[in-house]
Protein chains: 2
Amino acid sequence: MNLLLLEEADFIAADRVVLRDRRLTHMQEVHRVAVGDSLRVGRIGGLMGSARVLRLETGEAELQISLEQAPPAKLPLTLVLALPRPKMLRRVFQTVATMGVPRLVLVNSYRVEKSFWQTPFLEPEAIREQLILGLEQARDSVLPDVVIEKRFKPFVEDRLPALCTGTLGLVGHPGQYPPCPRDVDRPVTLAIGPEGGWIPYEIDLLGKAGLQPVQLGERILRVETAVTALLARLF
Amino acid sequence: MNLLLLEEADFIAADRVVLRDRRLTHMQEVHRVAVGDSLRVGRIGGLMGSARVLRLETGEAELQISLEQAPPAKLPLTLVLALPRPKMLRRVFQTVATMGVPRLVLVNSYRVEKSFWQTPFLEPEAIREQLILGLEQARDSVLPDVVIEKRFKPFVEDRLPALCTGTLGLVGHPGQYPPCPRDVDRPVTLAIGPEGGWIPYEIDLLGKAGLQPVQLGERILRVETAVTALLARLF
């Protein structure tokens, strides 16, 4: 945790918060703070800054907050991801938040196992929990938007073309395609497939919506690694 | 598992192997192979190719092997990594093998907790197990070398300068440094610090050995994410 994120409900005054949950435990056990110490904090959806510990007890801490710093810029990106397996999904939410992706669309694909859609990790509270871990890591206070699209074709035909307008549309896909471009100077819409990749029909449909295949070499990367590698190349 | 890796001990003839362990389970439960099916295989430290299932029983499978394909090229890189915490270490071994790093040096640093050096994940067999998972993911058959350097100063002063000769020497480090270069055309020696970063004394010593700090922006990345992001930028 490189940044302590504050919820609206934590505030007892404009510049005071009281913490009682895992953040208190973390402050005490990892940061080992004492009264008077300073911490980096951010208000979820708002500014970042510092907090001074006013009071520290077994069950709660009171902090005085001063927020004046803008959060870091997000990437100019919409990331479209075939739903990963549940264990990977949790880490992908963290990675996406850490890397500064502002909008994530989770979409179905032929090679996504149906059971993946049943995971409790897709509940809004579970998604938010992982995104916050990612923001705490990166020192960012703004949650990415996560959109869930359980049907591939209506999403790609009806909604993706509008999302894609005015952006560089790319699909990360192994094969005989141009290499992923580097250091692009405009917004990107990037789709990344499931384990085993998109099927040709899906690549066709993504192409009609404006997304062209690019590759990262012959090595097959896990989804989480592919997300990081493609974003580090593009921006 | 995108590639089934074969050990010397699996061979019962020049072109025949018998499998009995997790690879057999994986073939049966994930790939659901039948007699006559083909699989991608690689010989550890050797060529890659295909295998045909000759015999399949509850406890063992016999495969006929044909190996003629060279493994993918490695990156022209030595990666020096402050020892990550044990849970992260396992994933880092996989990532390093997947990304094609040929040589990894795990080194001590002021901010590496002493207890991390006690982890069973540093046993040679445990390292090999994770590297193989990473190679299976990427479709590569050549294990990276892993070197363990428990003392920072003797390594950086006495051995790093020679490793670094003729390469571009870089340290990934957040701060007011030049951005990490892109698409470099020569071998690289790259050092990545622990959670919390290198201390100034370490940055100084790495600099004297020929490694100059570069940064990836203001977001703080987990070690595994930083490794992937820096390699995707550099190569």
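General remarks:
- Most mobile of A:172, A:193, A:46 in a GNM of chain A (Cα contacts under 10 Å): A:46
- Prolate/oblate/rounded label for the stretch B:188-235 (Cα gyration tensor, a/c 1.5): oblate
- Taking amide H positions as modeled 1.01 Å from N, with prolines and chain starts lacking one, the residues under 5 Å from residue A:189 and 5 or more places away or on another chain are A:78, A:168, A:169, A:170.
- Loop-located trypsin sites (Lys or Arg not before Pro) in the stretch B:146-182 whose Cβ has at most 16 other Cβ within 10 Å (DSSP): B:150, B:151, B:182
- Taking a straight line from the alpha carbon of residue A:74, not one of the lysines sits under 18 Å away once near neighbours fewer than eight places off in the same chain are left out.
- Here residue A:70 and residue A:158 are evaluated by their C-beta separation; at R0 = 41 Å the FRET efficiency comes out at 0.70.
- Hydrodynamic estimate: the Kirkwood radius of the protein assembly as shown over Cα pairs, inserted into Stokes-Einstein at 20 °C and 1.002 mPa s, corresponds to D of 89 µm²/s.
- Here the sum of -39500 (n - 2.57) over DSSP H runs of 4 or more residues, divided by the residues of chain A, equals -8000 deg cm²/dmol at 222 nm, to the nearest 500.
- Pairwise inverse Cα distances across chain A, averaged and inverted, put the Kirkwood hydrodynamic radius at 19.2 Å.
- Our summary of shape: the Cα atoms of the stretch A:154-235 have principal axis extents of 32, 30, 22 Å, ordered from largest down, in whole angstrom.
- Under 12 Å from the Cα of residue B:208 - aspartates and glutamates, other chains or at least 8 residues apart: B:157, B:158
- Comparing mean-square fluctuations of A:48, A:88, A:99 from a GNM of chain A with C-alpha springs under 10 Å, the top value falls on A:88.
- Peptide A:212-223 shows a mean partner chain C-beta count of 4 within 10 Å per residue C-beta.
- Cα gyration tensor shape of the stretch B:102-186, rounded if a/c is under 1.5, else prolate or oblate by comparing a/b with b/c: oblate
- Measuring nothing but how far apart in sequence close Cα pairs (under 8 Å, 6+ apart) lie, relative to its length, chain A scores a relative contact order of 20 percent.
- Largest GNM mean-square fluctuation among A:215, A:137, A:176, using chain A with Cα springs under 10 Å: A:176.
- Counting DSSP beta bridges with both ends in chain A, the antiparallel % (nearest 5): 40
- DSSP beta bridge pairing in the protein assembly as shown, given as percent antiparallel to the nearest 5: 40
- Per-residue mean of foreign Cβ neighbours for A:131-138 is 2 (Cβ atoms of other chains, 10 Å radius).
- With only Cα atoms counted, the stretch B:4-69 has Rg and Dmax values of 10.6, 30 Å.
- Reachable lysines, given that their alpha-carbon falls under 23 Å from the alpha-carbon of residue A:114 and they are not under 8 places away in the same chain: A:87, A:150, A:153
- Other protein chain Cβ atoms within 10 Å, averaged over every residue that makes up A:66-74: 1
- Taking a sphere under 11 Å around the Cβ of residue A:193 and counting the other residues whose Cβ falls inside, with K and R at +1 and D and E at -1, yields a net charge of -1.
- With θ taken as phi - 60° and the Karplus curve 6.51 cos²θ - 1.76 cosθ + 1.60 applied, the whole-hertz 3J(HN,Hα) list for the stretch A:34-43 is 10, 4, x, 5, 10, 9, 7, 9, x, 9 Hz, x standing for glycine and proline.
Any read-out appearing in this document is the output of simple, stated calculations on the displayed coordinates, not a laboratory observation. As the structure is a computational prediction, the values presented were derived from the model and not from experiment. A quick note on method: Cβ atoms are made from the backbone with ideal geometry, for glycine too, and the neighbour counts reach across all protein chains shown.
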